[in-house]
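First up is the structure itself, then whatever we jot down about it.
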Amino acid sequence: QLISSLALAAMLALCLTRSDGITPIQMIVPMAAIGLGNGISMPAIIGEVLHQTPVNLAGTVSGVLTTAQQFASAIGVAIIGGVYFANLNTRAHASNISAETLSIVCELVLGMSAVAAALWLGRRGRRDKSALERRLRELSQ
């Protein structure tokens with residue numbers, strides 16, 4: 001996810017520094033880096049989630065995980081697209097930069113929120129797991 005975050009930061013810097021507009025050619029490298037970062041990180045994350053799942057629940061967890069990914073993708077496109085088109089002003093080309101900038105900032109905020117939620121849930125899960133293990137040890141003695 002670091003590669004994706006750096007690419008988003010590069011796109012934001014590009015939007016803020018180019019007052020005359022951004023061409024699609026200028027967006028190729030940052031967009032490719034975002035795709036590369038997601039392509040590298042997502043299989044590892046999914047593998048780790050499925051690795052920690054009991055075998056009898058693997059199909060269910062896989063289905064829930066895929067559904068959550070599709071839902072999150074659709075919501076993300078809706079939110080970021082809504083921000084973009086709500087701020088798009090067709091009167092001047094320079095206003096497109098502000099819509100692009102707001103969309104990228106929105107994407108960064110959503111991404112940071114997802115990371116914060118994952119860290120919070122990870123800590124909570126470790127705490128709950130250790131409490132469960134202690135209780136099982138107590139019961140077995």
Original post:
For region 43-67, how many residues meet the condition of being open to solvent by 60 Å² or more (accessible area, probe 1.4 Å), under 24 Å from LEU119 (Cβ atoms) and among the hydroxyl-bearing types (Ser, Thr, Tyr)?
Top reply: 2
Original post:
Across region 68-95, which residue is modelled with the lowest pLDDT among those that are of a type outside the set (Lys, Arg) and open to solvent by 90 Å² or more (accessible area, probe 1.4 Å)?
Top reply: HIS93
Original post:
Just to be sure, is ALA33 surrounded by 11 or more Cβ atoms within 10 Å (Cβ to Cβ) and either within 19 Å of SER4 (Cβ to Cβ) or modelled with pLDDT of 85 or more (or both)?
Top reply: yes
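The values are calculated or read from the model by the stated rules, or taken from the named source; none is laboratory data. Note that the coordinates shown come from a computational prediction; the quantities given were computed from them, not determined experimentally. Glycine gets a Cβ as well: all are built from the backbone with ideal geometry, and neighbour counts include every protein chain shown. Side chains included, ligands, DNA and RNA excluded: accessible areas come from the protein's heavy atoms. Shrake-Rupley method; radii C 1.70, N 1.55, O 1.52, S 1.80 Å.
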